[in-house]
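Participant: Structure below; questions to follow.
The values are calculated or read from the model by the stated rules, or taken from the named source; none is laboratory data. Please read all numbers here as calculations on a predicted model, not as lab measurements. Because the Cβ atoms are built from the backbone with ideal geometry, glycine has one as well, and the counts that use them run over all protein chains shown.
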Amino acid sequence: MFSKILIANRGEIACRIIKTAKKMGIFTVAVYSEADREAMHVELADEAVPIGPAPSRESYLAANKIIEAAKKTGAQAIHPGYGFLSENEAFARHVEGEGLVFIGPKHHSIAAMGDKIASKKLALAAKVNTIPGYNDVIESPDQAVRIAKDIGYPVMIKASAGGGGKGLRVAFDDKEAFDGFASCRHEAKAAFGDDRVFIEKFVESPRHIEIQVLGDAHGDVVYLNERECSIQRRHQKVIEEAPSPFISETTRKAMGEQAVALAKAVRYQSAGTVEFVVGRDQSFYFLEMNTRLQVEHPVTECITGLDLVEWMIRVAAGEKLPFAQNDVRRDGWAIECRINAEDPVRNFLPSTGRLVRYLPPPTTMQAAAPVPPGPGVRVDTGVYEGGEIPMFYDSMVAKLIVHGRDRAEAIRLMREALNAFVIRGIASNIAFQSALLAHPRFVAGDFDTGFIAEHFAHGFRAKDVSHDDPLFLVALAAFVRRKARERSAGISGQLAGHGVTNRPDLTVVVLQSDGRHEHHAVRVGAFDAVTARAEVIVGERRFEIQSATQLGDIRVDGICNGQPFTAQVERGGAKHPLGIRVGHNGLQIEALVLLPRAAELLKLMPHKAPPDLSKFLLSPMPGLLVDVSVQPGQKVVAGERLAVIEAMKMENILTAARDGEVKEVLAKRGESLAVDQPIIAFA
């Protein structure tokens, strides 16, 4: 076994690998860029080596620097994690050539599966179901149209070296095939340095289901059940679960056996994933093989009880798998939500900055530890309160994983855990995750890869969040206000006759941005200071609320009408400095709790409309302004390219909303922009 390994990655996955290595008694070496000098993985590792500036091409993608760091520190092996160099065949070969061990598959396996055209041919030879298509390189848009018509629309146009949703288009007619080919080729060249494109049949109403495989150097390969990864936004996974609520035992076995056959065909050693697209009738077709650890590997760990990182290390050290296919467990149900630094109401644009507050939910499961019996919650992260979310890397803040006895319990646990997850200082997708989990079709397991595009076609809006009882948030706002007033009333030193008094009749005003506020008549009964309990009546609804959570804590735990709850409550807000913000199950309100007379007077206050910003192009996100395509005095038409902002490894092109004339360019190329910072002023 190795005595020291280097982790060629950052963030959550680097921390995850370090935990397993420490459990195994292996010393760890971290590498870090200038942007990650204070990062958690640097703190957790036994040693840390700087490898360059913040941009990943100068640090985490600099193979020579990483190998040099391994040799300098005496590391015997390198674990690449996922992303960056994890599926780079040249890097794996270079590591092996330097006398080090690559903790992953051999370079020949990466090469075989890294090319989508070659991998489909290998899959066919291994008798793995493949999607009908054209598997050779396509040279022109006209050829792409001819091939698409022969296969039959709809078709999927894909970059051979693609991944992460880049270099991929679906075409339903000749024009979309023509345009999609050009777009895919351009994206593939820019992202991967390889502009080869191929075309295959697009399976309608598809499920994205993947099989986890594990192979050793002695020819043994097993499959570790499946993961359901169909909840995706723009081909990026959002929620993953294991097992799948869709496939049958027969399909599971057939998919698993084909995944093993493919792995054996490429002499696969390590953890890997064979991805399939599955149709309504449970027909399934090979998509690709990911020759690395997957982001969603924790759900497989939960249901099998196996530490996949540990087995990657053991296999790399030459150990034989001590279990056979019949020994693989499938216990309970696991779900993972990716908690990302992105703003759902701004079309999921990246959100960078400082984590002013970061309080994950209480956990009962840990990475690299045995899965305890019964329900569990796990958080895999590489961030901490006060740390920075830099613009140079991906948007993941944490992975939230739950394990229940069945799917219904897992969904309930995940909704409760999301309620308890406090993130401030940056935007996050927690409310969006809550909305997905509450959707009737998700609860029923009736969804496919088009679920988000179908149900959130216009993006995500606050009104998209459904709540079983929105009045609970109103009652909780009144309860918290009464609790605060009770504490004030108990403070000594007040003049007689001038102390704080509490009246039972109140009005909770839910503030709306357009000035049309909702008024709710509320009656709050006597507050029991010993039990921290009070009865709140909203209209004709009665809520008996009890919570001993201290005032000032954002996360509020308590009991309402005999049922436990976790919500988030804080004073101050965007709509009013005295407002109380309450969040629960993805729904958030901002409210004023007033005496009835004050609420009546509030109705007389004029609404201050927001300023007209239509004459400006504003930055929709924090990021780097890499290009401004216009000059003062230039006339532009709707849809014309104006500027490009780069954040979290993605370029975002800003276009003109209408025809107009540029008056002034307010920001310069290379400038770091804040949210809503003006870039261009129009005449």
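Participant: Look through Arg555, Arg481, Arg581 and report the one residue that is buried (at least 17 other Cβ atoms within 10 Å of the Cβ), without any contact (Cβ under 8 Å) to a residue 40 or more places away in the chain and of a type in the set (Lys, Arg).
Facilitator: After ruling out the rest, the residue left standing is Arg581.
Participant: Out of curiosity, is Val49 touching a helix residue (DSSP H, G or I) at 6+ places or on another chain (Cβ under 7 Å), buried (at least 18 other Cβ atoms within 10 Å of the Cβ) and part of a helix (DSSP H, G or I)?
Facilitator: Considered against the rule, which asks whether it is touching a helix residue (DSSP H, G or I) at 6+ places or on another chain (Cβ under 7 Å), buried (at least 18 other Cβ atoms within 10 Å of the Cβ) and part of a helix (DSSP H, G or I), Val49 comes out as no.
Participant: A follow-up question, please. Among the listed residues Ala63, Ala48, which satisfies the condition of being among the aliphatic types (A, V, I, L, M), within 28 Å of Ala647 (Cβ to Cβ) and free of Cβ contacts under 8 Å to residues at least 24 places away in the same chain?
Facilitator: Ala48
Participant: Out of the residues in segment 596-621 that are under 20 Å from Lys663 (Cβ atoms) and among the hydrophobic types (A, V, I, L, M, F, W, C), which is surrounded by the fewest Cβ atoms within 10 Å (Cβ to Cβ)?
Facilitator: Leu613
Participant: Would you confirm whether any residue within segment 254-275 is of a type outside the set (Phe, Trp, Tyr), under 20 Å from His107 (Cβ atoms) and at pLDDT below 95?
Facilitator: The answer is no; no qualifying residue exists.
Participant: Can you tell me which residues in segment 396-450 are of a type outside the set (A, V, I, L, M), outside any helix (DSSP H, G or I) and over 23 Å from Asn347 (Cα atoms)?
Facilitator: The initial filter retains those residues of segment 396-450 that are of a type outside the set (A, V, I, L, M), namely 399, 403-407, 409, 412, 415-416, 419, 421, 424-425, 428-429, 432-434, 439-442, 445-450.
Remaining after also requiring outside any helix (DSSP H, G or I): 399, 403-406, 421, 424-425, 428-429, 439, 445-450.
Answer for segment 396-450, where residues must be of a type outside the set (A, V, I, L, M), outside any helix (DSSP H, G or I) and over 23 Å from Asn347 (Cα atoms): His403, Gly404, Arg405, Asp406, Gly445, Asp446.
Participant: Here's a follow-up. Identify all residues within segment 24-42 that are hydrophobic (A, V, I, L, M, F, W, C) and either surrounded by fewer than 20 Cβ atoms within 10 Å (Cβ to Cβ) or part of a helix (DSSP H, G or I) (or both); write none if there are none.
Facilitator: Result: Met24, Phe27, Ala35, Met40, Val42.
Participant: Tally the residues that are of a type in the set (D, E, K, R) and not in a helix (DSSP H, G or I), restricting the search to segment 96-108.
Facilitator: Qualifying residue count for the region: 2.
Participant: From the list Leu306, Leu321, Leu287, Leu293, exactly one residue is part of a loop (DSSP other than H, G, I, E, B) and buried (at least 23 other Cβ atoms within 10 Å of the Cβ). Which is it?
Facilitator: Within the list Leu306, Leu321, Leu287, Leu293, the selection yields Leu293.
Participant: Give the residues of segment 109-138 that are part of a helix (DSSP H, G or I) and of a type in the set (Gly, Ala, Ser), sorted by residue number.
Facilitator: Ser109, Ala111, Ala112, Gly114, Ala118, Ser119, Ala123, Ala125
Participant: Kindly indicate whether Asn561 is at positive phi, of a type outside the set (Val, Ile, Thr) and under 28 Å from the mean Cα position of the chain (by Cα).
Facilitator: no
Participant: What are the residue pairs meeting all of these: first residue in segment 82-99, first residue under 18 Å from Ala69 (Cα atoms), second residue basic (Lys, Arg) and in a helix (DSSP H, G or I), Cβ atoms under 7 Å, and 6 or more apart or on different chains?
Facilitator: Glu98/Lys71
Participant: Follow-up. Give segment 398-419 a look and list any residue that's among the small types (Gly, Ala, Ser) and over 17 Å from the mean Cα position of the chain (by Cα), or say none.
Facilitator: Result: Gly404, Ala408, Ala410.
Participant: Any chance segment 12-23 includes a residue that's among the small types (Gly, Ala, Ser), at pLDDT 95 or above and not in a helix (DSSP H, G or I)?
Facilitator: no
Participant: Tell me, which strands (runs of 3 or more DSSP E) wholly within segment 604-683 include 1 or more residues that are modelled with pLDDT under 90 and in contact with a helix residue (DSSP H, G or I) (Cβ under 9 Å, 6 or more places away or on another chain)?
Facilitator: Those strands (runs of 3 or more DSSP E) span 650-655.
Participant: Restricting the search to segment 641-662, which residues are more than 15 Å from Leu349 (Cβ to Cβ) and surrounded by 15 or more Cβ atoms within 10 Å (Cβ to Cβ)?
Facilitator: Leu642, Ala656, Gly660, Val662
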